[in-house]
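The values are calculated or read from the model by the stated rules, or taken from the named source; none is laboratory data. None of the values given here were measured: they were computed from a predicted structure. Here the Cβ is made from the backbone with ideal geometry for all residues, glycine too, and neighbour counts use every protein chain on show. When the accessible area is computed, the model is the full protein with side chains, heavy atoms only, and any ligands, DNA or RNA have been set aside. Shrake-Rupley method; radii C 1.70, N 1.55, O 1.52, S 1.80 Å.
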Amino acid sequence: MKKYLIIFAVLCFNFSFSQQKQVKRAAVAFLNVENLWDTIASADYIDGTLPFSNLKFHRSVPIDSLKFLETTEDYKGEWSNELLVGKKVIRHQILATDFTANSPKRWGTKYYNQKLANEAKVISELGRQYTNDNPAICGLIEVENRQVIEDLIKQPVLAKSNYGIVHYNSYDARGIDIAIIYQKNRFVVQNSYTKEIKVYKEDGRRQYTRDVLVAIGLLDGEKIAVFMNHWPSRSGGEAASQPRRNAAAAVLKAEMDKLSADYPGIKLISMGDYNDDPVSPSLKKHLGAVENPEDLSDKTPYYNLMYKLYKAGVASLAYRDAPNLFDQIIISQNLYSKEKLTPTYSIFKAEIYAPSYLVNKEGQWKGYPLRSWDGDRFTGGYSDHFPAVSILQKEYIKK
């Protein structure tokens, strides 16, 4: 009898083990790399004879090389892709020599390499405790040009992930860009483009900001679109600058709505530095991102994963000595499920990543992000923002 009980117990164990579901996860995250600039003074060269999708349509070039490039005119008009079709022009950036060896920052190869290593370390840790891998998709904020991104993904802790790049130069006055890097064996990019945000100062002059960057593709076989954002700052005050972020929200919402209509069932992830909190009018009213998943509907299909964190007092930065949660991730309704594990990707977890080494431990800025810069002095730190991470998961079915 004892023999039969042992056999029965073994059979029950095997059955139970066979019923356990395996999980597949993907980290979709981003970080503000706080002025990831190379050491070369540069300007923008726009070759309007090429299509917008061509990387040479709008590229960053060393100032010393400008004399070798053909130009059609000394352009004085508004900066916009459509207005530059057929033209070959140069756009000079303000503070173009700010990050060079001879500037007050003394920005040379040694510091640049340390900065690359610092940012690569952070990226390699985003979501790792849940995925045991580098992020499948990672957004970058405050990169100077494509070259610094290429240098970044060559860092040893990232190189093994075989990252691809989605990047377009912006018309931001300083040349600040945003980008997306992605593991090419997990996210297959089918299309990418930018959506222009037109905003104006109180005197009516155009204020150039970063476009919304859009990448559409297949994440482990599932159709998704990623929207990367770096909205207009609060320069001039929160209230005075609010209309500019409201305008950015309108551009983002229009494009998210459009893709949902064009590709039924597509899953959407919007992330970035919105320069507003989850409760701000831009996100709550103009984008309509809801606080609770119970509030999701056909009329309000976007869920702000950081809303509850904000209510709990979590911050990603301190702006003018006040804690803020500007760094947020927003998902479409079909990425949320009440079930813990589903056959397709749904949200598992979202967080602000702030390990001890990213936190300033002393002085006036104790508890703040350990930023890279104190005026013109490179501190050896990482960023003035903590990164944001989302973890998607689904049932893994072995083929």
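With 220, 273 as the choices, which residue is open to solvent by less than 10 Å² (accessible area, probe 1.4 Å) and in the same structural domain as residue 189 (by the TED database)?
The conditions single out 273.
Could you figure out which of (1) open to solvent by 50 Å² or more (accessible area, probe 1.4 Å); (2) of a type outside the set (D, E, K, R); (3) under 30 Å from residue 98 (Cα atoms); (4) not in a loop (DSSP other than H, G, I, E, B) isn't true of residue 365?
(4) is the only condition that residue 365 fails.
Would you be able to say whether some residue in the range 99-109 is modelled with pLDDT of 95 or more, touching a helix residue (DSSP H, G or I) at 6+ places or on another chain (Cβ under 8 Å) and not in a loop (DSSP other than H, G, I, E, B)?
Looking through the range 99-109, none of the residues is modelled with pLDDT of 95 or more, touching a helix residue (DSSP H, G or I) at 6+ places or on another chain (Cβ under 8 Å) and not in a loop (DSSP other than H, G, I, E, B).
Just checking, how many residues over the range 341-356 are open to solvent by 20 Å² or more (accessible area, probe 1.4 Å) and closer than 26 Å to residue 274 by Cβ?
Residues meeting the conditions: 9.
Looking at the range 230-245 only, could you name the residues that are open to solvent by 30 Å² or more (accessible area, probe 1.4 Å) and part of a helix (DSSP H, G or I)?
238, 239, 240, 243
Which condition from (1) under 17 Å from residue 326 (Cβ atoms); (2) crowded, with 18+ Cβ neighbours inside 10 Å; (3) hydroxyl-bearing (Ser, Thr, Tyr) is the one that residue 194 breaks?
Checking residue 194 against (1) under 17 Å from residue 326 (Cβ atoms); (2) crowded, with 18+ Cβ neighbours inside 10 Å; (3) hydroxyl-bearing (Ser, Thr, Tyr), the one that fails is (1).
List every residue pair whose Cβ atoms lie under 6 Å apart, where the two residues are 6 or more positions apart in sequence or sit on different chains, the first residue falls within the range 194-215 and is closer than 17 Å to residue 180 by Cα, and the second residue, located anywhere, is at pLDDT 95 or above and basic (Lys, Arg).
211/195; 212/195
Can you tell me which residue within the range 49-96, out of those that are of a type in the set (A, V, I, L, M) and not in a loop (DSSP other than H, G, I, E, B), is surrounded by the fewest Cβ atoms within 10 Å (Cβ to Cβ)?
Here is the first cut: in the range 49-96, the residues of a type in the set (A, V, I, L, M) are 50, 55, 61, 63, 66, 69, 83-85, 89-90, 94-96.
Applying the additional criterion that residues be not in a loop (DSSP other than H, G, I, E, B) yields 61, 63, 66, 83-84, 89-90.
Values: 61: 17, 63: 15, 66: 14, 83: 12, 84: 23, 89: 19, 90: 16.
Checking each candidate, the answer is 83.
What is the one condition in (1) under 20 Å from residue 389 (Cβ atoms); (2) in contact with a strand residue (DSSP E or B) (Cβ under 7 Å, 6 or more places away or on another chain); (3) without any contact (Cβ under 8 Å) to a residue 60 or more places away in the chain; (4) open to solvent by less than 10 Å² (accessible area, probe 1.4 Å) that residue 287 does not satisfy?
(1)
Report the residue count in the range 314-340 for those that are under 18 Å from residue 358 (Cβ atoms), in a loop (DSSP other than H, G, I, E, B) and open to solvent by 40 Å² or more (accessible area, probe 1.4 Å).
Here the count works out to 1.
Name the pairs: first residue in the range 101-117 and among the small types (Gly, Ala, Ser), second residue assigned to a helix (DSSP H, G or I), Cβ to Cβ under 9 Å, at least 6 apart or on different chains?
101/109; 117/156; 117/157
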